[in-house]
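See below for the structure under consideration.
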Amino acid sequence: MDFDVTPFTLQDMAASLKSWLLILSILGAFSLLLGMLLCVARNGAAGIGIFFKGLLGFLNDVGSVSPRRIRALTSLTLKEAIRRKALLVFAVFALLLMFAGWFLTNSNERAELQVGIHIAFILQTISWIMMPVVFFLSCWSLPEDIRIRSLHTVVTKPARRIEIVLGRIIGMGIVTLTILAVMGGIGYLWIVRQLPTEAKKQLTCRVPVFGHLQFINPEGQPSLKGINVGDVWDFRSHIAGNSRSRGVFVFDGIDDSTLVTGTETGEGGSGTLQIAGLRMECRFEAFRTVKGSESSVRKGVTAQYTLSNNPREEAFGLFSQSETLRPLADALRDAQFRTAANRMEELATKVAADGEAAKNKQNLELMPADYMGLQLGSVYAAGVMRDRKDVALESAATAFQKVAERGGDLVNIMASNAEDKHEKIPGLHEALSQSMKQLASLLDQEADTLHEHLPKLEVVLPSFHVSEYHEGAAENVKFVPRTVRFSADAETQCRLLARLFEMINETGQLVEGAGLKSDLAAQLESEGKISVANANLVVEVLTEQLASGALKVDGSKLVVADGQRWFHFFDSLIQKDLLISAESEGWMIERDLIKDLTHDGYLRVEVACLNDQMYLGMARPDLFLRKPDRDFLVGYGKALVSTSLMMLLIIVLGVTVSCIVKGPVALFFTFTFFIVGQFFHEFMRELLYNPAQQGMGAIASAVMTAQHRNPQVGMDVSEATQRVVQGIDAVPRAMLWGFSEIVPDFSVFNSAAGFVENGFDVPFFETVVPAFLIFLGFLIPCVLIASALLKFRELESK
Amino acid sequence: MSSVSPSYRCSVEPVETFFFVVFALQIWAKDSLVSSVFCAKRLDMSNDAVIEIRNLSKIYRDFWGRKKVQAVKSLSMDVKRGEVFGLLGPNGSGKTTTMKMLLGLLFPTSGEMTILGKAASDVSKNERIGYLPEESYLYRFLNADETLDFYGRLFKMTAAERNRRADELIEMVGLGKARRRQLKEYSKGMARRIGLAQALINDPDLVLLDEPTSGLDPIGTREMKDLILRLKAEGKTVVMCSHQLADVQDVCDRIAVLFQGELKVLGRVEDLLEVRNEMQMRTSNLSDAAMSDIREVLKKHNISDATFSRPRADLEELFLRTVRESGERPGRRFTTEEIAGKPGR
């Protein structure tokens, strides 16, 4: 089961409502037409009058529904269910619970498995015990009333047929909900009491935040798919060990509410601290290409997470989709903006040359895919830069936007069939080339600014093992403290020092007389959270720079002699290897997970496999952030609500069908609806909407079989015959469509149980709300249909 | 406009909106084409008829629509306010079918009928109707109190009203000691009694009784007949169908005799049963001399076929008297002479 649910949005709801209204209209029109035809067939022309009279009477009944009578009929149904011993189900349930523990409880089993088995047993048992009760109650009750004619006495009172139907449904609904609530409560107590103490810790509802998965291939280029290791299932894609290959998960909506309170060992192992942090859980698949000892197999492969905030990757990654643009992409991603300017200049020259070639009707050097890559990459670059709301990036964003627009114009005209396209294309090439040159010039001019304002921050976390058999649940869960301390790379080190010096310089505490302040090292240590050795190193190097004239004192402030910003000054020092830390850990610094590592709620997690010749398989749901867990009772309750809605829907369907046919037939019909809806709904939709599954119709297939032809070449018949065959084949297809629309998708109701059994919270809007809407969507038409069937049925017909 | 009640409300469904427009049109042009097509033609109620039936026919058909039997053929008749009307006929004559059509349990094949001024298909007419079916089709898992309360709740009755009415009716039908027992434990006669009570729960203006004395012992039969007469005295209209001719004769003002779905006889009971070419005289006991004198007088008027005999009580009377006497003097057995010597009524 996949716990990565598709979000259910208002747009989905609107689309569903539209589809529901369409089906309802078709059904209503069909019913009215059928009713009128039957009246006319039986009564001739007078049938039309009879039909409309009946219809008006029916609408009148619908409009004069009385809650008082519905209450009376509901309480009658309740009494009937109780006195006909529907509550005997409790005895069956109790009997099962008394002995289930003998077979289910095995303390040697993994804790999460034990929990899953116990929850599954209770939820399945409740479901399966309730089902016969619900089926028989709903399908047998009204036909039995009609058979023994007790309903005849009721209808000679002022009870409308719709009230009888509603009374039945509500009454049975109350019985069902009561039984479910009691059994659910007993089941909960049983689970809690039955589980061993260790397993009880797993009795929780995980709340996952799933991200989007993309890959970086072994060459370091972005890719939508990973490596295929030959597995027949393409659910997971793999990354290669000990290479540049990465799985990149991008999470959205990360904020303080995503954090959990975890424990961390204090410094020097002195006790544990309760701190906020990010909890990540994975279930990657280790794929080993070499044999090993049992212990190494159990250990699996080594993986490592890198949390990163990398706007350059987001902004310029898309350029690398085109082979020609890849050098440009690499330069941009590495913040080599001057190199990128040269690449852009070269490309602009090629574009201009292509314009000339197009004018002379010669072959172009750049492919259409290159132009598309250029356009899309520029759109994305402009978008990401604008999203950062940084004035310093505005001119670059505008330049990229211009390239995107010009590129778009060119791509559109290249793809069009316009008659004058060959006349326009050279001009558009020229325009694109011009805007690219302007962009190149801007990249060159603002290279330092862009580098400074598009910071890349990477936090490499300690490695861990991934088991081949998904064992070791604890190992799969990683806790990253909110204030994360890590060994900084050169860029991060440069940014840290630049920010630190700008801040101290601003308050005038950097300078003392004509030199640096005497306690500057201590200040750097306390404010920059860097080690004593590194602070001393910085002060030492800066003193030298001051002496050499690279820095000078201006009043109470220290400034770079050539007017550079601190960022570039420190960058040049790092480039000259003047700030290499003497400590083994390097430049250890602290960063805030939410403030520094996310941007607009986005968090990027790169997963690497560290073992040579090994692979790590992953799919989108394989890594998720775990928000604070919810109480098990919350998810369990939601699962019970889903089950209740399913039972209520069965009741609605059963009562509807039983208004027109006898008990056994109603039972058969309703059960068929349930089986088809539960197990074949998805299949029907596959047949209808998946082109790969559609194939040809029955008649077309028969013709092609006779002609020894295949679907690719089609039938060897005249166009008229082909239309006739397709017309005939359209009929069963339309029937399948109709059937798929009127049979409810029961699998929606069961999905909630799967979440709880596997320790996840039930996503309310994606599971419970759709289940409720399906129930409501069937309730309204079913009540009307059932009432009409009962009203226009001769109860005493012989 | 008779088929749509004023409480009709319009909802947002397009189809309903369409018919709401039709409904408005009907009000606007009562005698227009719209009205004639969509409305049941209202029958003339000027003669104070509670039930009016015109050319009513019912054909039972099989699943394929083929005619199986014509149960009612062009039946036309009226039932007037305040009378006890009997529908008579042998089995299969169509009397129960007619009654079920009146109640909307069956749909007529053709013809028109109104009850209390409303179409038979109009559920609101049931507010003023009480119906006792041929067998008591009640919920056997309920007890008498619950049964009456349930049916009472289907009418606009308050809880206090329902309780009071239920107490009265249970007392009336003599089920006071069995009111807490579920109906599945009731005998047939008891079930008929609670069936009668439910039919009267709403104090109806029109009571339809299908074989009211079926399953009742002679005491119950007499009580049922007394009740029918009491209902009549209260101004209610009673329609009963039965093939217990004596019962019908005892209580009905008018009768209709159906045979194979056709109306054969319709009229007042006393008019129909009067033997116009014979005379009957009844006195207290006569002496032999008086008898001889009477014979002489008859002979003088050329009447030779006169017969003299003592009147005979009917078996119902005998049974009732025996039960009454037995109640007063338990353990006593009556001789033929004692029984014959008692006054009849």
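List of remarks:
- Check on residue A:95, in a helix (DSSP H, G or I) and either over 40 Å from the mean Cα position of the chain (by Cα) or at positive phi (or both): yes
- Enumerated helices (runs of 4 or more DSSP H) restricted to the stretch A:654-725, each holding at least 1 residues that are over 30 Å from residue A:774 (Cα atoms) and of a type in the set (Gly, Ala, Ser): A:698-706
Here is a yes/no grid of residues against (1) within 14 Å of chain B (Cβ to nearest Cβ); (2) more than 23 Å from residue B:183 (Cα to Cα):
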site: A:135; (1), (2): no, yes
site: A:145; (1), (2): yes, no
site: A:157; (1), (2): yes, no
site: A:161; (1), (2): yes, yes
site: A:178; (1), (2): no, yes
site: A:187; (1), (2): no, yes
site: A:194; (1), (2): no, yes
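- Look at (1) under 22 Å from residue B:250 (Cβ atoms); (2) among the hydrophobic types (A, V, I, L, M, F, W, C); (3) surrounded by 10 or more Cβ atoms within 10 Å (Cβ to Cβ) and you find that residue B:291 fails only one, number (1).
- One residue alone among A:100, A:72 is out of contact with any Cys (no Cβ under 9 Å at 6 or more places or on another chain), within 14 Å of chain B (Cβ to nearest Cβ) and part of a helix (DSSP H, G or I), and that residue is A:72.
- Selection count, the stretch A:75-85, where residues are in a helix (DSSP H, G or I) and surrounded by fewer than 20 Cβ atoms within 10 Å (Cβ to Cβ): 5
- Qualifying residue in the stretch A:712-724 (condition: crowded, with 19+ Cβ neighbours inside 10 Å, of a type outside the set (Phe, Trp, Tyr) and in contact with a helix residue (DSSP H, G or I) (Cβ under 9 Å, 6 or more places away or on another chain)): yes
- Single residue of A:514, A:447 found to be of a type outside the set (D, E, K, R) and at pLDDT 85 or above: A:447
- Among the residues of the stretch A:52-69, those identified as facing another protein chain (nearest Cβ under 8 Å) and in contact (Cβ under 8 Å) with a residue 12 or more places away in the chain are A:54, A:55, A:57, A:61, A:62, A:64, A:69.
- Of all residues in the stretch A:758-798, those being surrounded by fewer than 21 Cβ atoms within 10 Å (Cβ to Cβ) and basic (Lys, Arg) number 2.
- Residue count for the stretch B:221-235 under the criterion of being surrounded by 20 or more Cβ atoms within 10 Å (Cβ to Cβ) and touching a Lys or Arg at 6+ places or on another chain (Cβ under 9 Å): the result is 1.
- Flag for residue A:701 being over 30 Å from residue A:527 (Cα atoms) and either of a type in the set (Phe, Trp, Tyr) or touching a residue at least 24 places away in the same chain (Cβ under 8 Å) (or both): no
Yes/no per residue for (1) in the same structural domain as residue A:763 (by TED's automatic domain parsing); (2) aromatic (Phe, Trp, Tyr); (3) under 30 Å from residue A:204 (Cβ atoms); (4) crowded, with 16+ Cβ neighbours inside 10 Å:
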residue: A:617; (1), (2), (3), (4): no, no, yes, yes
residue: A:650; (1), (2), (3), (4): yes, no, no, yes
residue: A:654; (1), (2), (3), (4): yes, no, no, yes
residue: A:657; (1), (2), (3), (4): yes, no, no, yes
residue: A:667; (1), (2), (3), (4): yes, no, no, yes
residue: A:673; (1), (2), (3), (4): yes, yes, no, yes
residue: A:698; (1), (2), (3), (4): yes, no, no, no
residue: A:705; (1), (2), (3), (4): yes, no, no, no
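- Tally, over the stretch B:97-138, of residues that are acidic (Asp, Glu), in contact with a strand residue (DSSP E or B) (Cβ under 6 Å, 6 or more places away or on another chain) and within 8 Å of chain A (Cβ to nearest Cβ): 0
- Check on residue B:69, away from chain A (no Cβ under 14 Å) and either more than 18 Å from the chain's Cα centre (by Cα) or of a type outside the set (D, E, K, R) (or both): no
- Remark: residue B:93 falls outside the filter, which requires a residue to be facing another protein chain (nearest Cβ under 10 Å), touching a strand residue (DSSP E or B) at 6+ places or on another chain (Cβ under 6 Å) and modelled with pLDDT under 90.
- A residue that is assigned to a helix (DSSP H, G or I), touching a residue at least 60 places away in the same chain (Cβ under 8 Å) and assigned by TED's automatic domain parsing to the domain that holds residue A:738 cannot be found anywhere in the stretch A:39-51.
- Residue in the stretch B:139-162 that is nearest to the other protein chains (Cβ to nearest Cβ), counting only those that are assigned to a helix (DSSP H, G or I) and in contact (Cβ under 8 Å) with a residue 12 or more places away in the chain: B:151
- Tally, over the stretch A:230-243, of residues that are at pLDDT 90 or above and over 18 Å from residue A:289 (Cβ atoms): 0
- Count of residues meeting criterion [in a loop (DSSP other than H, G, I, E, B) and more than 18 Å from the chain's Cα centre (by Cα)] in the stretch B:107-138: 7
- Hey, residue A:155 surrounded by fewer than 16 Cβ atoms within 10 Å (Cβ to Cβ) and in the same structural domain as residue A:668 (by TED's automatic domain parsing) or not: no
- When the residues of the stretch B:182-212 are filtered to those that are crowded, with 23+ Cβ neighbours inside 10 Å and among the charged types (D, E, K, R), the one that is nearest to the other protein chains (Cβ to nearest Cβ) is B:192.
- Taking the stretch B:262-298 as the range and being assigned to a helix (DSSP H, G or I) and over 30 Å from residue B:79 (Cα atoms) as the test, the residues that pass are B:288, B:289, B:290, B:291, B:292, B:293, B:294, B:295, B:296, B:297, B:298.
- In the stretch A:197-229, residue farthest from residue A:616 (Cα to Cα) [restricted to those that are surrounded by fewer than 13 Cβ atoms within 10 Å (Cβ to Cβ) and at pLDDT below 85]: A:197
- Residue check for residue B:168: within 12 Å of another protein chain (Cβ to nearest Cβ) and surrounded by fewer than 22 Cβ atoms within 10 Å (Cβ to Cβ): no
- The stretch A:349-368, residues that are modelled with pLDDT of 90 or more and of a type in the set (A, V, I, L, M, F, W, C): A:351, A:352, A:353
- Matching residues, the stretch A:781-798, being part of a helix (DSSP H, G or I) and either more than 10 Å from every other protein chain (Cβ to nearest Cβ) or without any contact (Cβ under 8 Å) to a residue 60 or more places away in the chain (or both): A:781, A:782, A:783, A:785, A:786, A:787, A:788, A:789, A:790
The values are calculated or read from the model by the stated rules, or taken from the named source; none is laboratory data. Keep in mind it's a predicted model, so treat the numbers as computed, not measured. All Cβ positions, even for glycine, are placed from backbone atoms using ideal geometry, and neighbour counts span all protein chains on display.
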